[in-house]
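Written out below as structure tokens is the structure these notes cover.
Rule-based calculations on the coordinates, nothing more; no lab input. Computed from a prediction, not measured in an experiment: that's the story for all the values here. Neighbour counts are summed over all protein chains in view; Cβ atoms, including those assigned to glycine, are modelled from backbone coordinates with ideal geometry.
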Amino acid sequence: MPARAYWKGQIRLALVSIPIEVYPATRSGAAIAFHQIHEPSGKRIRYEKVAPGVGPVDREEIIKGYEVSKGSYVLLDEQEIEAVRIESRKTLELVQFVDADEIDVLYYEKPYFIVPADDLAEEAYTVLREALRQTRKVGLGQLAVRGREQLVSIKPCGRGLVMEVLRYADEVHKAQGYFRDIEDTKPDADLLDLAASLIEKKTAPFKPAEFHDRYVDALHRLIDKKAKSKTNKRILEDVEEPAASNGNVIDLMAALKKSVGGDAAPKRGGQKTSSPRESTAKKGAAKKETSSSAARARKRA
């Protein structure tokens, strides 16, 4: 368990207080950070803080400003900003409970593990966990930490509890603005059955360890190669070419059938239906044969 907790305090439910410690449930991904380098000298590029018409300025001369109109700022110093910060409280009060599926996935931001602070807190902690699980509810409250107030939810997770920081309503875009132009029509029943069959075929337990960021993996390989070669010579990774496409027109039925292992083309009466190109070729051949027969008949006459 990490040595430093994100927050320590107590969950309060009516007259019951449960001492807890909160730890991050995630860590930063395997993203690779690059620096800008001056190639001729190999030196790292540094940035200076400058003001137009003034040049470089000292850090002590810099304060924060909020732009109220183009080029016009309200200036605030650190003491003024600190004065309005929310005082960190040591109590997370659960003020409301909602159904577990009532919170839209768009509101979830970051998860944390909640553990009982000591053995004495474990009984009350377990009661809260099982009560939430039995009622299928999620607890809501606001956590004051680091000068801000965060909306959080609490729900069971295995033997413990998970706290998830939620976004506020003004931080989430309304989906209607993006989906309003999509027609509200029912799909073809056969296509829907094929799509459902494909989903069933590919359904399996979720194993996150099986998924990797292939771009980051490729960057690591490239960096290792260049580090071992001890040269700045360009090394290009092999890139798999995308499959050639014959056009943008997609036969959805054929694609779905092929995906689930069925025939790509529909069959009628046990015979394969010819494509338009094949039909045209057959008609052309028949016409040519008819013309040749007529010419031979005239010659004999």
Name the residues of the stretch 216-234 whose amide N is less than 12 Å from a point 7 angstrom out from the Cα of residue 39 along the C-beta direction?
232-234
In the stretch 117-223, how many lysine pairs have Cα atoms under 30 Å apart, counting only pairs 8 or more places apart or on different chains?
9
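Mean projection of the alpha-carbon convex hull of the stretch 124-198 over all orientations, in nm²? Can you show the working numbers first?
Numbers: hull surface 38.1 nm².
That works out to 9.5 nm², a quarter of the Cα hull's surface.
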For 26, 126, ascending order of other Cβ atoms within 10 Å (fewest first) is 26, 126
Solvent-free Debye scattering, log10 I(q)/I(0), computed from the Cα coordinates of the stretch 37-176 at q = 0.11, 0.14, 0.17, 0.19 Å⁻¹
-0.69, -0.85, -1.01, -1.15
Taking the Cβ-Cβ separation of residue 171 and residue 231 as r and a Förster radius of 51 Å, what is the calculated FRET efficiency to the nearest 0.05?
0.60
q = 0.20, 0.22 Å⁻¹: log10 I(q)/I(0) that the Debye formula gives for the stretch 35-112, counting C-alpha atoms only:
-1.06, -1.13
Residues of the stretch 162-197 with backbone N under 18 Å of the label point set 7 Å from the Cα of residue 142 along Cα→Cβ are 164-172
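Only Cα pairs under 8 Å and at least 6 apart count here; give the relative contact order of the stretch 73-158 as a rounded whole percent.
Relative CO of the stretch 73-158 lands at 40 percent.
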